[in-house]
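Trainee: Take this structure first; my questions come after.
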Amino acid sequence: MASPSWRARPPLSTVNSTPLLPLSKAEREWQRQKNTEGAHNPAIDAIMEMTGLEEVKAQVLRIKAKIDTTQRQGASLKDERFNVVLRGNPGTGKTTVARHYAKFLASVGIVPGDSFIEMTGSRLAHDGVRDIKEQIEEMRDEGGGAIFVDEAYQLTEGHNFCGGPVLDFLLGEMEKSAGEIVFIFAGYSKQMEKFFEHNPGLSSRVPYSLQFKDYTDLELLYMFGKLILKKYNGQMKVEGGMFGLYMRIAIRR
């Protein structure tokens with residue numbers, strides 16, 4: 001049986017013999033594209049270097065494949081929407097992926113600029129339509145980019161009376177901003193279902209979805225091991241080993 005591919009990452013074996021994680025299917029596919037097709041994209045590299053997130057990585061590669069195919073055919077992507085919703089619990093990497101996704105779209109010419117605005121649904125609802133309109137106009141003046149709305153479901157919560165009008169305004173902006181600005185929404189999976197119920201037009205304007213699963217214990221141990229290795233330069237030993245009781249308690253806190 002062929003030996004598995006291993007990540008070219010810090011040798012965690014120096015921290016109480018912690019093994020490296022094998023490359024996932026999506027990571028192997030990206031490595032194949034780099035080796036055989038000459039693919040190169042630092043933003044995708046950064047996403048692939050993140051621990052776990054197999055479904056996210058696979059979807060990013062599907063989006064890349066669509067862009068590559070359309071560009072090879074000489075067709076225009078100017079009117080294509082690449083808005084996306086990121087669904088998952090806190091601490092699963094949504095904000096980090098949002099930044100890399102925005103850089104990826106800018107690097108392949110889907111949006112002409114790399115400006116990145118980050119805000120929450122609650123803040124948007126509080127500031128109202130006028131404020132987000134000004135920010136979008138400023139982004140257009142700077143050449144375009146991405147607007148990331150974390151906890152976007154807050155726009156449709158009952159106590160945020162101004163959230164609905166803001167979301168309706170964003171719907172109109174998504175319609176006319178293709179090729180200039182990409183909108184990225186994030187939040188808990190269940191709450192985001194209610195978010196999309198606000199207006200039937202949301203689903204067509206946000207055609208892509210990235211599902212963020214919670215990290216497994218092994219993935220958490222790997223990430224914690226990397227932190228220990230980086231901070232203590234491989235000189236710290238963990239009682240019971242990297243898979244021992246103390247480590248398992250630590251990752252569940």
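Trainee: Do we have any residue at all in segment 14-27 that's at pLDDT below 90 and exposed (fewer than 12 other Cβ atoms within 10 Å of the Cβ)?
Mentor: yes
Trainee: Assess whether residue 98 counts as being in the same structural domain as residue 148 (by TED's automatic domain parsing), more than 17 Å from residue 166 (Cα to Cα), in contact with an Asp or Glu (Cβ under 7 Å, 6 or more places away or on another chain) and surrounded by 15 or more Cβ atoms within 10 Å (Cβ to Cβ).
Mentor: no
Trainee: Hey, can you tell me all the residues within segment 199-218 that are more than 22 Å from residue 146 (Cα to Cα) and in contact (Cβ under 8 Å) with a residue 40 or more places away in the chain?
Mentor: 213, 214, 215, 216, 218
Trainee: Which residue out of 170, 77 is buried (at least 21 other Cβ atoms within 10 Å of the Cβ) and over 19 Å from the mean Cα position of the chain (by Cα)?
Mentor: It is 170.
Trainee: Could you check segment 178-192 and list, in sequence order, the residues that are under 16 Å from the mean Cα position of the chain (by Cα) and without any contact (Cβ under 8 Å) to a residue 24 or more places away in the chain?
Mentor: Residues satisfying the conditions do not exist here.
Trainee: Against the condition farther than 24 Å from residue 201 by Cβ and touching a residue at least 40 places away in the same chain (Cβ under 8 Å), how does residue 84 come out, does it pass?
Mentor: no
Trainee: With the structure loaded, tell me whether residue 124 is assigned by TED's automatic domain parsing to the domain that holds residue 100, over 17 Å from residue 83 (Cα atoms) and touching a residue at least 12 places away in the same chain (Cβ under 8 Å) or whether it fails that test.
Mentor: Taking the combined requirement at face value, the residue satisfies it.
Trainee: From 129, 111, grab the single residue that is of a type in the set (A, V, I, L, M), surrounded by 15 or more Cβ atoms within 10 Å (Cβ to Cβ) and part of a loop (DSSP other than H, G, I, E, B).
Mentor: So the residue among 129, 111 that is of a type in the set (A, V, I, L, M), surrounded by 15 or more Cβ atoms within 10 Å (Cβ to Cβ) and part of a loop (DSSP other than H, G, I, E, B) is 111.
Trainee: Separate question: Quick one: which of 177, 189 is out of contact with any Phe, Trp or Tyr (no Cβ under 6 Å at 6 or more places or on another chain) and farther than 22 Å from residue 127 by Cβ?
Mentor: 189
Trainee: Could you please find all residues in segment 174-199 being in a helix (DSSP H, G or I) and under 21 Å from residue 160 (Cα atoms)?
Mentor: 189, 190, 191, 192, 193, 194, 195, 196, 197
Trainee: Hey, another quick one. Checking residue 158 against (1) outside any loop (DSSP other than H, G, I, E, B); (2) small (Gly, Ala, Ser); (3) over 19 Å from residue 64 (Cβ atoms): exactly one of these is not met. Which one?
Mentor: Of (1) outside any loop (DSSP other than H, G, I, E, B); (2) small (Gly, Ala, Ser); (3) over 19 Å from residue 64 (Cβ atoms), only one is false for residue 158: (1).
Trainee: Filter segment 106-146 for residues that are among the polar types (S, T, N, Q) and more than 21 Å from residue 187 (Cβ to Cβ) and give the result.
Mentor: 107, 115
Trainee: I'd like to know if segment 205-228 contains one or more residues that are of a type in the set (A, V, I, L, M, F, W, C), part of a loop (DSSP other than H, G, I, E, B) and at pLDDT 90 or above.
Mentor: Yes, some residue in segment 205-228 is of a type in the set (A, V, I, L, M, F, W, C), part of a loop (DSSP other than H, G, I, E, B) and at pLDDT 90 or above.
The values are calculated or read from the model by the stated rules, or taken from the named source; none is laboratory data. All figures in this text were calculated on a predicted structure; none of them were measured in a lab. Quick reminder, even Gly has a Cβ in these numbers, built from the backbone with ideal geometry, and neighbours come from all protein chains shown.
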